[in-house]
Structures are given as structure tokens and as C-alpha cells.
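Novice: Attaching a single structure in C-alpha cells format; questions to follow.
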Amino acid sequence: MDKFMRRLAVFQHYRPLLSQLVVKDIKLKYRRSFLGYLWSILNPLMIMGIMVLVFSSMFRFDIQNYPVYLIIGQTIFNFVSEATNQAMWSITGNAALMKKTYVPKYIFTLSRVTSSFVNMIFALGAMLLVFIICRIHFSLNMLFIPVILIQVYIFSMGLGLFLAAGTVFFRDIQYIYSAFLTAWMYVTPIFYPISQLPENLQRCIKHFNPLYAYITQFRTIVLESMCPDMRLVVYGFVVAFLMMGFGTLVFMKSQDRFILYI
Amino acid sequence: MENEYAVRVEHAVVRFNMASERIDNLKEYFVKLLRRELMFKEFFALKDVSFEVKKGEAWGIIGTNGSGKSTLLKLICGILKPYKGTVTINGTIAPLIELGAGFDGDLTARENIFLNGAVLGYDKKFMEQHFDEIVDFAELWDFLDMPIKNYSSGMAARLGFAIATIVRPDILICDEVLSVGDYAFQKKCERRMAEMRESGTTLLYVSHSIESVKEICDHALWLDKGIVKKYGDVDTVAEAYIEKLKQKEKK
């Protein structure tokens, strides 16, 4: 308990650093671009536009409000992918700083995931635009959306901490992970309905792919204007916290040896 | 008060892996594992180092290249963890191991001041209050909105020093950082360090120049290949060290 309080005090002490790092990431991302922050909204819109074209004329899925269906899946998946990829390099990328001064190492991973999260919040602007164009019925259920985002954030943080620690010791995790992400994208119903898949694969995805739970909660709220299935919400939180616990454990156990490998 | 220690190092051992090639990917790891070539060649950068620094003292750490001086400072800063033994610190530390280590080249000096302040644990409000003071000391008013990557190393060092010493720390750790600045700035830094010393800051100082150690410090620690050769009063230790160097030269 005493140790925990001390950790909390250290975190408090370095909170300004966390916010500075997040602001820095966001500032630098769009510093030399003409449209600046607008890109956060334009980029997902453009990608969604292309995917809508591809999947509504080339492959036909029988989904109502396909653009909305698509952009929800795409936004959530993109966040997880960006956050974890950024987190993966958060320790090795800040090696110079870590060799010269003492800073709690998890701050860097935390800041990367958080700045990706802020980017996603911007991207919600694009989503809102699509909702309006597709005449989505706005309901009070939408107040539940932040709860979904928190689940995804915690999950990505856990995965990010694990990847960050792993990459310090084994740099080729990046190749394995990028292949894994591609596979993950295909087993997540982002652009196709899950009913397209064979029965046993469907069951597999529902049980073992937490992204399915997060995306489905979101879609239930927006497309059916209903409250999401509570079992999915509980499942989502449990997986998120398990991932967070696992990532934290791996990170904390190995962090004292980081300095020897970066 | 007088008996209180600022830094206490007890039987500290720092171990590095000095395997001929460092394995940093899974593929090699498994290949070596199967071939049973997974070696761990250990190297002790510090072997059983013990000493105690009392509050207000100034210690110079001397020794040849690779004797473990920087390792010792990093150990005290908390950057490295001891493999065995303990390090206890009593008070706040300002590490000047490399000035401006937290600078981001793409950000302007103005933005970097806040970022670097945050690395040292100061919040935005505090940095705003001391902003003018920092820029005054670094004498960089004309270049505030220029990205740091366009700065010369001396300019960046000036800014780094100004930020790191904005608050009087209990313990100041210096690793030959001042050698980059020009003469006038070096003098200015030395003045500020002297001011801090007068108000009770403990100093740990690494330098190859025995003269500057003698001038600044009152105690010294002589490290050789990770072992403490001698420690205590600065003049005695420095004398013994120089004696040793002369002997080596003769050989």
C-alpha cells in the first residue's frame, strides 16, 4: 500500500510531463501541413469514402447505413493499431533521454497511447459528419460512447505496455506484430457483417476478439439506437483490465533492465 | 543536521552484459538458444562501491576513461539500478549529465523550455513564472522561436543549464557538461554553482581536469576499473591519483 502511494506521488509529480509530451506529439504531427488539424478529420473521411466505394460496388454486403457501419469499425481499429504501434517504440525512441535523466519509463508509453487517443477524438468529428449526412437518429444512448472509448483505451494501454517492453529486448517484434495486425484486421468485422463468416469462426471471434465487443457496442448504440448488450460491456471491461494488468506486470518486471538494451 | 547524509552508496555493484554481439531480436535469440550459444558475458562496471556524502559537501569523482565515473553518477540519479547493494538519496537531484537531454529538435526553444521543465518535474505554471529568468540566464532572447535543431551545441547547453538550475536542488550532479560552452558562459555557470554551494547544495562532480576538481570540490573519490582506490580529502586523493598517472607514464 505504501509502495502504491509512493508510485502515485511520483506519477503526480510527472503529470506535467505527460501532458507536455501529448501536446508535443499532436503539435508536431501537423506542424508543417497546410490544413493542420483538419487532416485528422479529412483522412478518415477519405479512407472511408474509398472503402465505401470498394465495398458497395465491388463486394455487396447487405448492411444498412454502410458508411456509418464502416467508419465506426475503422475508427476503433485505427486507434488500437496506431496507439499500439506508437507505444511499441515509446521506450526505444526515447533512449537518449532515459540514459541521461531519471523519468518513470511508463510515462512515455502512456503519453503515446494518450496522444493517439486524442487523435481519435478528433476523428470522431469525421464520424459525426457521416452520422449527420446519413441521417442517424441521435439518442441519449450515445452518452454511453465514452464508456466504450475508455474500454478501448485501457485495452490499448495494456497491449502498448507489453509491446513497448518486448521491443526493448527483441526488435523484430515489430514484424511479427505488423503481420498480426493484418490478421487481426481481417478477423474483426470492420467492413463485412459477422454473419458472413462460418459459424465456428464467428464463435471464435465473439469469444477471443475484444475489438469485436467494442465495435459491436458502438454500432448497437448508433445504428440501432439501443443500449449495448451489458454482457458485451462487462466482457469488454474484463478483457481491458486483464490486458492492462498483464502489460503492467511485464513492463514493471523488466523496466530496470531496459537501460542495458536501449 | 551536520551529520545528515545526502547520498549513501553501500556495496553497490553494477553489472552489464558484454556479450560479443548483443542479441536484440527473437530470431537470433532462438537460433542461439538451439545452438546453445546463448552466452552472458558479464562485466562489472562498479564493484562493491561504498561511500557516503554528507549534506553540503562537494565531491569530485576522478579516474581514467572507463573507470566507472559516469556509471556511478547514473546510479545515483536513478537511471541505473544497482545489481547488488543499495543507493539511498536524501533530497532532490538536478542531474546535469547531458544538458538538454530532453530537447526535441523540431520544437522551438520556447516550447522546449516547458518540455524540459516537465522532464524535471515542474508544471507549466511554475515554468511560466521562471520563463524570463531562464531566457535571461541563457541569453537567448533573439532565438526563442527557432527550432532547437538549428541551435549550436553551445546554445543548447546554455539553455539546458539555465533550466536545470532554475531551482536550487539539494544535490547537483555534473558530468563535464560545462566543457561545451564558451569561456564567459563557463564562468557564469561556475558562479551559479558556487552560489548554490553556499546555500547548502551538495555537489557531485566528474571531470578529467584535476585542477577544476581541486578548485571546486572539498572531497574526492578515485575510481579505477570499478573499484574505489581512495576517497576522502580532495588534496590527498588528487595527489595519489597524479602519482599513479606519473608511474604509468614512466612504464
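Just so you know, all these numbers are worked out from the coordinates, no wet-lab data involved. It should be emphasised that the depicted structure is a prediction, and the values quoted were computed from it without experimental measurement. Positions of Cβ are backbone-derived with ideal geometry, glycine not excepted, and every protein chain shown enters the neighbour counts.
Novice: For the protein assembly as shown, give the share of DSSP beta bridges that are antiparallel, in percent and rounded to the nearest 5; count only bridges with both residues there.
Specialist: Numbers: 21 of 38 bridges.
Looking only at bridges with both residues in the protein assembly as shown, the antiparallel portion is about 55 percent.
Novice: Work out the length of the dipole vector of chain B about its Cα centre, built from +1 on the beta-carbon of each Lys and Arg and -1 on the beta-carbon of each Asp and Glu, and round it to the nearest 20 debye.
Specialist: Details: 35 positive and 39 negative charges, 295 e Å.
Roughly 1420 debye for chain B.
Novice: Please work out the Cα center distance from the range A:80-130 to the range B:206-251, rounded to the nearest Å.
Specialist: Answer, in whole Å: 46.
Novice: Report the Rg/Rh value for chain A, based on alpha-carbon coordinates and the Kirkwood definition of Rh.
Specialist: On the way: Rg = 19.4 Å, Rh = 19.7 Å.
Taking Rg over the Kirkwood Rh, I get 0.98.
Novice: Report the residue, chosen from A:ARG32, A:ARG219, A:ARG171, that carries the largest GNM mean-square fluctuation when chain A is represented by alpha-carbon nodes joined by springs under 10 Å.
Specialist: The residue with the greatest mean-square fluctuation here is A:ARG32.
Novice: Still on this structure: Could you check which residue among B:LYS187, B:LYS125, B:LYS84 shows the biggest mean-square fluctuation in a GNM of chain B with a 10 Å Cα cutoff?
Specialist: B:LYS125
Novice: Along Cα→Cβ, 7 Å out, is where each label goes; now give me the distance between the ones at B:LYS124 and A:ARG257 in nm to one decimal.
Specialist: Distance between the two pseudo-spin positions: 3.9 nm.
Novice: How big is the C-alpha Rg of the range A:108-235 next to the rule-of-thumb value 2.2 N^0.38 Å, as a ratio? Could the numbers behind the result be given before it?
Specialist: Working: Rg = 16.4 Å, N = 128, 2.2 N^0.38 = 13.9 Å.
Scaled against compact globular proteins, the figure is 1.18.
Novice: Mind checking A:15-23 for the average number of partner chain beta-carbons within 10 Å of each residue's beta-carbon? List each step's numbers first, then the result.
Specialist: Numbers: counts 3, 13, 11, 1, 4, 14, 5, 0, 5.
The per-residue average across the peptide is 6.
Novice: Which three extents, in whole angstrom, do the alpha-carbon atoms of chain B cover along their principal axes, largest first?
Specialist: Rounded to whole Å, the extents work out to 58, 52, 40 Å.
Novice: Send over the Kirkwood Rh of the range A:161-262, from the inverse of the averaged 1/r over different Cα pairs, rounded to one decimal Å.
Specialist: Radius from the Kirkwood sum: 15.8 Å.
Novice: First measure r as the distance between the Cβ atoms of A:ILE121 and B:SER209, then evaluate 1/(1 + (r/R0)^6) with R0 = 45 Å and state the FRET efficiency to the nearest 0.05.
Specialist: Numbers: r = 53 Å, r/R0 = 1.19.
FRET efficiency, A:ILE121 to B:SER209: 0.25.
Novice: Please turn the phi angles of the range A:71-77 into ³J(HN,Hα) values with the Karplus equation 6.51 cos²θ - 1.76 cosθ + 1.60 (θ = phi - 60°), one per residue in order, whole Hz, x for glycine and proline.
Specialist: Values, residue by residue: 5, 5, x, 5, 5, 5, 5 Hz.
Novice: Still on this model: Averaged over A:215-225, how many beta carbons belonging to a partner chain fall within 10 Å of each residue's beta carbon?
Specialist: 0
Novice: If you average 1/r across every pair of different Cα atoms in the range A:37-164 and take the reciprocal, what Kirkwood value do you get, in Å?
Specialist: Working: mean 1/r = 0.0615 Å⁻¹.
Every distinct Cα pair counted, the radius reaches 16.2 Å.
Novice: Determine, for B:PHE43, B:PHE126, the number of other Cβ atoms within 10 Å of each Cβ, and report the residues in order from fewest to most. Write down the numbers at each step before the final one.
Specialist: Values: B:PHE43 11, B:PHE126 15.
Neighbour counts put them in this order, fewest first: B:PHE43, B:PHE126.
Novice: Hey, if you put +1 on the Cβ of every Lys and Arg and -1 on every Asp and Glu Cβ in chain A, which of A:CYS134, A:LEU70, A:LEU149 ends up farthest toward the positive end of that dipole?
Specialist: A:LEU149
Novice: Under a plain spin-label model, where a point goes 7 Å from the Cα along Cα-to-Cβ, how far apart in nm are A:GLU224 and B:VAL31?
Specialist: 5.2
Novice: Moving to a separate point now. What is the mean number of Cβ atoms from other protein chains located within 10 Å of the Cβ atom of each residue in peptide A:250-261, rounded to a whole number?
Specialist: Working: counts 0, 0, 0, 0, 0, 1, 4, 2, 0, 5, 7, 4.
Shielding by partners across A:250-261 averages 2.
Novice: Provide, for q = 0.06 Å⁻¹, the log10 of I(q)/I(0) from a solvent-free Debye sum over equal Cα point scatterers in the protein assembly as shown.
Specialist: Reported log10 I(q)/I(0), two decimals: -0.38.
Novice: My understanding is that a pair violates if its Cα-Cα distance is over 23 Å; which of A:LYS29/B:LYS149; B:LYS74/B:LYS248; A:LYS29/A:LYS99; A:LYS24/B:LYS81; A:LYS105/B:LYS81; B:LYS32/B:LYS69 do that in this structure? Mind showing how you got there, number by number?
Specialist: Details: A:LYS29/B:LYS149 17 Å; B:LYS74/B:LYS248 28 Å; A:LYS29/A:LYS99 25 Å; A:LYS24/B:LYS81 29 Å; A:LYS105/B:LYS81 13 Å; B:LYS32/B:LYS69 34 Å.
Going by Cα-Cα distance, B:LYS74/B:LYS248; A:LYS29/A:LYS99; A:LYS24/B:LYS81; B:LYS32/B:LYS69 fall outside the 23 Å limit.
Novice: Dipole of the range A:29-258 (Lys/Arg Cβ +1, Asp/Glu Cβ -1, origin at the Cα centre): which of A:ALA95, A:MET243, A:LEU53 lies farthest to the positive side?
Specialist: Toward the positive end, the furthest listed residue is A:ALA95.
Novice: What does the helix-only formula give at 222 nm for chain B: each DSSP H stretch with n ≥ 4 adding -39500 (n - 2.57), the total divided by the residues, and the result rounded to the nearest 500 deg cm²/dmol?
Specialist: Working: 8 runs with 97 residues, N = 251.
Result for chain B: -12000 deg cm²/dmol, rounded to the nearest 500.
Novice: Could you identify which residue out of A:MET58, A:MET243, A:MET88 has the top mean-square fluctuation in a GNM of chain A using Cα springs shorter than 10 Å?
Specialist: Ranking A:MET58, A:MET243, A:MET88 by mean-square fluctuation puts A:MET58 first.
Novice: Follow-up. What is the distance in Å between the Cα centres of the range A:170-194 and the range A:21-50?
Specialist: 23
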